[in-house]
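Colleague: Sharing a structure with you now.
Quick note: the coordinates plus some simple rules give every number you see, no bench work behind them. From a predicted model like this one, the values you see are computed outputs, not experimental measurements. When we count neighbours, we look across all protein chains shown, and the Cβ atoms used for this are built from the backbone with ideal geometry, even at glycine.
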């Protein structure tokens with residue numbers, strides 16, 4: 001029962017992140033971009049730290065475990081190709097157009113559904129792993145949801161409609177979380193989902209987030225990026241020792 005409670009609370013917190021776009025309205029694009037620059041850095045470190053310090057923490061990795069990790073990478077690659085879903089953290093503009101709003105909503109729904117599956121499986125493995133995974137996903141979701149909100153506004157949505165649809169897509173995480181808890185009552189699904197999650201986190205951090213960070217060439221900002229990246233990794237490592 002505790003696993004259900006922890007999982008549902010975590011998914012609710014992550015779903016609420018979808019409303020963060022409302023807080024960006026008073027700020028100029030320049031200020032938002034500066035915030036995203038360091039938020040993405042932290043998210044990249046947190047995702048990699050969670051993958052290697054928690055999800056892949058296994059004394060003897062079997063060949064099946066390795067296959068599951070690689071499958072996570074491959075599946076996320078295919079998803080991007082099929083529905084043009086990209087974890088983009090740059091505000092939309094004439095020089096940086098995004099896919100159509102419908103593609104954003106479909107991609108985000110699937111993305112959040114998988115997040116729910118991963119969170120549920122993480123708490124089934126261990127509460128500490130679940131908490132670490134939730135934190136990593138939250139910091140990844142912040143720039144993601146701000147970007148999605150901006151895309152929907154750019155596509156012609158009103159602020160209220162953009163927030164509503166963004167929140168509705170976030171609720172698919174609850175479906176994913178509950179589904180994995182129910183399925184696990186019959187099949188030990190965490191044996192597959194945990195390494196799969198690790199593979200997806202590695203893919204997102206290495207393929208989407210880190211390349212985005214390399215677009216910043218100013219030395220001072222790059223150093224701060226590195227600090228936030230290391231901080232993300234360090235926090236994930238520190239969570240290993242929380243009882």
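Colleague: How far apart, in nm, are two points set 7 Å out from the Cα along the Cα-to-Cβ line at residue 102 and at residue 241?
Modeller: So the two model labels end up 5.3 nm from each other.
Colleague: Return the distance in nm (one decimal) between the two label points of a simple spin-label model at residue 226 and residue 78, each offset 7 Å from Cα along Cα→Cβ.
Modeller: Label-label distance for residue 226 and residue 78, simple model: 3.9 nm.
Colleague: A further question on this structure: With angles folded into 0 to 90 degrees, how steeply does helix 29-50 sit against the dominant principal axis of the chain? Use alpha carbons for both and round to 10.
Modeller: Rounded to the nearest ten degrees, it is 10.
Colleague: May I ask you to order 17-24, 49-56 by the average number of other C-beta atoms within 10 Å around their residues, highest value first?
Modeller: 49-56, 17-24
Colleague: Could you tell me, in Å, what Rg and Dmax come out for the Cα atoms of segment 112-178?
Modeller: 13.7, 43
Colleague: For residue 5 and residue 27, calculate 0.36 nm times their separation in residues minus their Cα-Cα distance, and state this gained length in nm to one decimal.
Modeller: 4.3 nm
Colleague: Restricting the calculation to Cα positions, tell me the Rg (one decimal) and the Dmax (whole number) of segment 135-243 in Å.
Modeller: 17.7, 53
Colleague: Please check: in the Gaussian network model of the chain (C-alpha springs, under 10 Å), which one of 219, 165, 149 has the largest mean-square fluctuation.
Modeller: Greatest mean-square fluctuation among the candidates belongs to 219.
Colleague: Then there's this: Evaluate the relative contact order of segment 2-241 (contact order divided by residue number), counting alpha-carbon pairs under 8 angstrom at least 6 apart; express in whole percent.
Modeller: That works out to 44 percent.
Colleague: Over the Cα atoms of the chain, what Rg and Dmax result, in angstrom?
Modeller: So, for the chain, Rg and Dmax equal 17.3, 53 Å respectively.
Colleague: Starting from the Cα of residue 35, step 7 Å along the direction of its Cβ; do the same at residue 164; then give the gap between the two resulting points in nm.
Modeller: 2.4
Colleague: Please give the helix 190-203 orientation as an angle from the longest Cα principal axis of the chain, in degrees from 0 to 90, rounded to the nearest 10.
Modeller: Long axis of 190-203 versus the principal axis of the chain: about 30 degrees.
Colleague: Additional query: Can you tell me which of 140, 214, 111 moves the most in a GNM of the chain? Springs connect C-alpha atoms under 10 Å apart.
Modeller: Its mean-square fluctuation being the largest, the pick is 214.
Colleague: According to the Cα gyration tensor, what semi-axes, each the square root of 5 times an eigenvalue, does the equivalent ellipsoid of segment 201-243 have, listed from largest to smallest in whole Å?
Modeller: Output for segment 201-243: semi-axes of 24, 15, 4 Å.
Colleague: For helix 219-238, what angle does its Cα long axis make with the longest principal axis of the chain, in degrees from 0 to 90 and rounded to 10?
Modeller: Rounded to the nearest ten degrees, it is 30.
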